[in-house]
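> What follows is a structure written as structure tokens; I'll ask about it next.
The values are calculated or read from the model by the stated rules, or taken from the named source; none is laboratory data. Note that the coordinates shown come from a computational prediction; the quantities given were computed from them, not determined experimentally. Cβ placement follows ideal geometry from the backbone for every residue including glycine, while neighbour counts extend to all protein chains displayed. The protein model used for the area step is the full one, side chains on, heavy atoms only, and it has no ligands, DNA or RNA in it. Shrake-Rupley method; radii C 1.70, N 1.55, O 1.52, S 1.80 Å.
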Amino acid sequence: MDKVYDSVIIGSGLGGLVTAVLLAKFGRKVCVIEKNNQYGGNLQTFVRDKEILDTGVHYIGGLAEGENLYKYFDYLGIMKDLSIQRMGLDEYDRISFEGNPINYPHAQGYENFIGQLLPYFPAEKQALTAYCEKIQEICNSFPMYNLRKSFGFNEAVLGISLKSFLDDLTDNELLKAVLVGSNFLYVAKEESTPLYVHALTINSYIQSAWRCVNGGSQIAKLLIRQLRKYGGDIVKNKEVIAVEMDDQLIKAVRTDDQQLIYAKEFVSNINLQHTFAMLPERFQKQAYVKRIKGLPLSPSVFSVYIVCKEGYIPYQNYNIYHYKNIASVWYDQDQSPLVISMSCNGENQDYCSTMTVMCYMAAGEVQEWNESFNRSIIQRLSSRGEAYEAFKAAKATEIIEELQRLFPNIKAATRSIHTSSPLSYRDFIGAEDGNMYGYLKEYKHPLNSLISTKTKVKNLFLTGQNVKMHGVLGVTITAFSCCLMMLGKEFEDDLFKENDENVLAGDLDSITV
């Protein structure tokens, strides 16, 4: 039987779930439709040898009381039940280079961040201080990043080059490499990445850095619990394949089982290319859609998940970003860093339970198997063939050989090895070409990749990492901005009730980041 809702959200990634909870909280009859067997998009986890492994959320920033993500999660009603562990105060990220015995720490707290790096760069106190001040200045210029009301923001900050900023800051190439060393979080390209992307990403981790105990899927589970508390529906194993139009409006979506689900408004949390492909041709030809189709995608990732034997590798409460040399800190698909994240999910906090090792991988490397699909986790995963398995095994072996330089006993410590490729992310996360972070930002054309949550279809809205900013914080803020557009003054007054300033919803849509 066909169903009727106020709001239908396509896709249950973080952006879709946050949007759904907010709409339901304010009285909308909401339904979330998910094509896969597991909710949560990049929040998904999986289990191997009784250990929980994260697909995307390896650590989160800004969750100390009063910080930005804490405020957003608290408003959503999930903060109190979130199980998290704070990472090392003096070293939450470690930046290292092959052939250099020194490990350079990124520390929590701006004074501590400077203090921990000064012993390695004693002549650079002025540069480090200026760096930290600029990062905070940039972040303070985006009101929604700090959950503040505003009439707008200074667009000039979008057009500052990260590389130029660092070059003006210091002549010390090693220091510049260390400061940009965790850029796997956002993919820094020497010729194009804006400073604001670096600032908005790194700031929340310097404020405070956390791991999700037993995986990031708990965020999705808590949001779904809130959604159901407010009377919302959520279904899985049901894919939206088409829209039904009534002149300029969408009246219903059609699912793969040929069910029509009607609503007054629709929110897409899925791949934008798929979203626009479902619209009538007259909407697909618009310059707006053509611009989005021309945006560069972020690269994908190859991940090796190692389940460790107990008592072999001491748990390290930080991530490692390891490079061949200081020149390779900028994105180069032919020379990827190793990014290493550990977990200790059991009662024994002394030793590592699992280790995830990631590196860049272009979608073209797995193009040979592009027509194969793993559609549902509910079924036993289908094989893409022996050649594909051999490809992944060879890549994993290559990575573990490199990893052995940092962890000489890694082979002896390994209980089992599991892998994922760009095809895994494409099929289970729904990312185009398996990309990690949606569209790349470019300082020369800063507004091109800041996509409005509104579309040319009056009752279709967008949310998720493809719209403004990626990451748990960026996607959450984008979802709040989407709901400000949809709910208007009632939501605005409640969200900003402790702030007397006025705000324009149209301005908020342009300052989501």
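> Given contacts defined as C-alpha pairs under 8 Å and at least six residues apart, what's the relative contact order of the chain, whole-number percent?
Worked out over the chain, it gives 23 percent.
> Ok, one more. In nm, to one decimal, how far is the modelled label at VAL235 from the one at THR129, with both set 7 Å along Cα→Cβ?
The two pseudo-label positions are separated by 6.2 nm.
> OK, next. Nearest-5 percent of antiparallel DSSP beta bridges in the chain?
65
> Could you work out what % of the accessible surface of the chain is carbon and sulfur, using a 1.4 angstrom probe and leaving DNA, RNA and ligands out of the count?
For the chain, the apolar C and S fraction of the accessible surface comes to 47 percent.
> Sort 325-331, 253-259 by the packing proxy (mean of other Cβ within 10 Å over each peptide's residues), most packed first.
The most tightly packed comes first, giving 325-331, 253-259.
> Further question: For PHE121, list long-range residues whose amide hydrogen, built 1.01 Å from N in the peptide plane, is under 5 Å from its own amide hydrogen.
Close amide H contacts, sequence-distant or interchain: none at all.
> For a Förster distance of 22 Å, can you work out the FRET efficiency between the beta-carbons of GLU111 and ASN172, rounded to the nearest 0.05?
FRET efficiency, GLU111 to ASN172: 0.60.
> While we're looking at this one, here's another question. Give me the net charge for the shell around VAL235: Cβ to Cβ below 13 angstrom, other residues only, Lys and Arg +1, Asp and Glu -1. Walk me through the intermediate numbers first.
On the way: positive: LYS3, LYS35, ARG228, LYS236, LYS238; negative: GLU34, ASP233, GLU239, ASP256, ASP257.
Residues close to VAL235 contribute a combined charge of 0.
> Antiparallel as a % of all DSSP beta bridges within the stretch 1-96, to the nearest 5? Working shown, then result.
On the way: 4 of 9 bridges.
For the stretch 1-96, the DSSP antiparallel bridge percentage is about 45.
> Taking square-rooted eigenvalues a ≥ b ≥ c of the alpha carbon gyration tensor, is the stretch 429-483 rounded, prolate or oblate, where a/c under 1.5 means rounded and, failing that, a/b exceeding b/c means prolate?
In terms of gyration-tensor shape, rounded.
> As an exercise, use a Förster radius of 25 Å and the Cβ-Cβ distance of GLU281 and LYS3 to find the FRET efficiency, rounded to the nearest 0.05.
It comes to 0.35.
> OK, next. So what are the ³J(HN,Hα) numbers for the stretch 68-83, from phi and the Karplus equation (6.51, -1.76, 1.60; θ = phi - 60°), rounded to whole Hz, Gly and Pro as x?
Rounded to whole hertz, the list is 4, 5, 4, 4, 5, 5, 5, 4, 6, x, 10, 5, 5, 9, 6, 9.
> In nanometres, what is the gap between the two model label sites at HIS274 and ASP246, each 7 Å from Cα along Cα-to-Cβ?
In this crude label model, HIS274 to ASP246 measures out at 2.6 nm.
> Let me ask something additional. Of the peptides 423-432, 441-450, 86-95, how do they stack up when ordered by the mean number of other Cβ atoms within 10 Å, highest first?
Highest to lowest by the protection proxy: 423-432, 86-95, 441-450.
> Run the quick spin-label model on ASN370 and SER164: label points 7 Å from Cα toward the beta carbon, then report their separation in nm to one decimal.
Distance between label points: 3.6 nm.
> Then there's this: So what are the ³J(HN,Hα) numbers for the stretch 415-428, from phi and the Karplus equation (6.51, -1.76, 1.60; θ = phi - 60°), rounded to whole Hz, Gly and Pro as x?
Once rounded to whole Hz, the list reads 8, 7, 10, 9, 9, 9, 10, x, 5, 4, 5, 5, 6, 9.
> Write down the accessible area per residue of the stretch 221-302 in Å², having rolled a 1.4 Å probe over the full set of protein chains. Could the numbers behind the result be given before it?
Working: 3910 Å² over 82 residues.
Ligands and nucleic acids excluded, the figure is 48 Å² per residue.
> A further question follows. Taking 0.36 nm per residue of sequence separation and subtracting the Cα-Cα distance, how much length would be gained by fully extending the chain between GLU310 and HIS445, in nm to one decimal?
Between GLU310 and HIS445, full extension yields 43.6 nm more.
> Please work out the average accessible area per residue across the stretch 88-158, using the 1.4 Å probe convention, and give it in Å².
Each residue of the stretch 88-158 exposes 44 Å² on average to a 1.4 Å probe.
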